[in-house]
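I have placed the structure first, in the form of structure tokens, so that the comments after it can refer back to it.
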């Protein structure tokens, strides 16, 4: 879908250049190098692109009209021309005016960080709701950039007239067209929300605890999910390999059944449009009984990524009372000294588990802790049921919570051990 727009006749790929504007001082340049590396990974996650080069551009002062200063613009123009670059990806916010002026100066297409992530999400969305959420976010973003010459919305919707240099009347017409499209998509989303509520209600009838995997993008969540569930979720060493959440039932070694949910990876500076748009997609995190925060412990910025994840979870409104276990994944990539240090820290903290989803190391200990936490609130009670309560009796046996049963003159006495969620559901029957 994106590839057709980005293809060239010669190589089939669009040559791209990644720029990270660094407004920090020299002492923070190390952090800027990690940011540039992540931006390059984002670019590589978009089909049809070939990253011809990348660089950090110090930015002492942000120019309102062009972002960079005149001298830097000329310097970059020569470098881009020499590398035969067709697309420049700027790792940060770029205003519509800055974008238009830079495209004119350099003779290339410009995408800022938000636009790039929207393009990736557009390419990856698989479910009906995911596609609609991406379109809604992209339309909101696009509404301020009506003079852009290209966008994935043209490909999806047959074009909304986003041609370079429209007059004021055309801009207003395009804005009305976008507003109409937003209304239409929101109506469609209302229908998908109702469908999702039906599915959630169906799951509630078999109220297994929900365990949600969350983490920074490319932390290894999908690899861990596949090892735990046997599912065939797309696993690639690229950002946003998983967009739509996947749910699978898993039976733990002690017989406890859970629903495990793999979710889209978080990322720093996630576009605000997407945080709002994907709140519904991340609903399984909001309703989770337990959260597994998967971290790439081998990444140099693992702690910073963890802070970003915690911040986004707080923005999403995740209940602070929901227990969280930190899964320090990719331990197989650590040096011997780093592995020893991480092992010692995990041994001292009962909420940290050092694992490798690739080799399976540490997985058994993690699952034992999951079972222990989920069973912590279980209680044992005796329930009296009449002969006419066959449906309730069948439900209890279906939940595998019955420890023993005794028949009486009026019905059955059942000894059950169940979780608060199971008890609450039973009371609703």
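The values are calculated or read from the model by the stated rules, or taken from the named source; none is laboratory data. All of these numbers come straight from a predicted model, not from anything done at the bench. All Cβ positions, glycine included, derive from the backbone under ideal geometry; neighbour counts span all protein chains shown.
Go through the stretch 53-77 and count every residue that is under 17 Å from residue 16 (Cβ atoms) and over 29 Å from the mean Cα position of the chain (by Cα).
Kept after step one, since they are under 17 Å from residue 16 (Cβ atoms), are these residues of the stretch 53-77: 53-57, 76-77.
Cutting the leftovers down to over 29 Å from the mean Cα position of the chain (by Cα) gives us 76-77.
Total satisfying the criteria: 2.
Out of the strands (runs of 3 or more DSSP E) lying entirely within the stretch 305-414, which hold 1 or more residues that are more than 18 Å from residue 220 (Cα to Cα)?
Details: elements: 324-329, 352-354, 379-386, 402-407.
Those strands (runs of 3 or more DSSP E) span 379-386, 402-407.
Conditions: (1) free of Cβ contacts under 8 Å to residues at least 24 places away in the same chain; (2) over 22 Å from the mean Cα position of the chain (by Cα). Residue 320 meets all but one. Number of the miss?
(2)
Would you please name the residue that is surrounded by the most Cβ atoms within 10 Å (Cβ to Cβ), looking only at residues in the stretch 1-29 that are within 26 Å of the chain's Cα centre (by Cα) and modelled with pLDDT under 85?
Filtering the stretch 1-29 for residues that are within 26 Å of the chain's Cα centre (by Cα) and modelled with pLDDT under 85, the one surrounded by the most Cβ atoms within 10 Å (Cβ to Cβ) comes out as 6.
Identify all residues within the stretch 82-93 that are in contact (Cβ under 8 Å) with a residue 12 or more places away in the chain and closer than 20 Å to residue 15 by Cα; write none if there are none.
Going residue by residue through the stretch 82-93, those that are in contact (Cβ under 8 Å) with a residue 12 or more places away in the chain are 83-93.
Within the stretch 82-93, 83, 84, 85, 86, 87, 88, 89, 90, 91, 92 meet the criteria.
Within the stretch 343-353, identify whether any single residue is within 27 Å of the chain's Cα centre (by Cα) and farther than 30 Å from residue 419 by Cβ, and answer yes or no.
Among the residues of the stretch 343-353, not one is within 27 Å of the chain's Cα centre (by Cα) and farther than 30 Å from residue 419 by Cβ, which makes the answer no.
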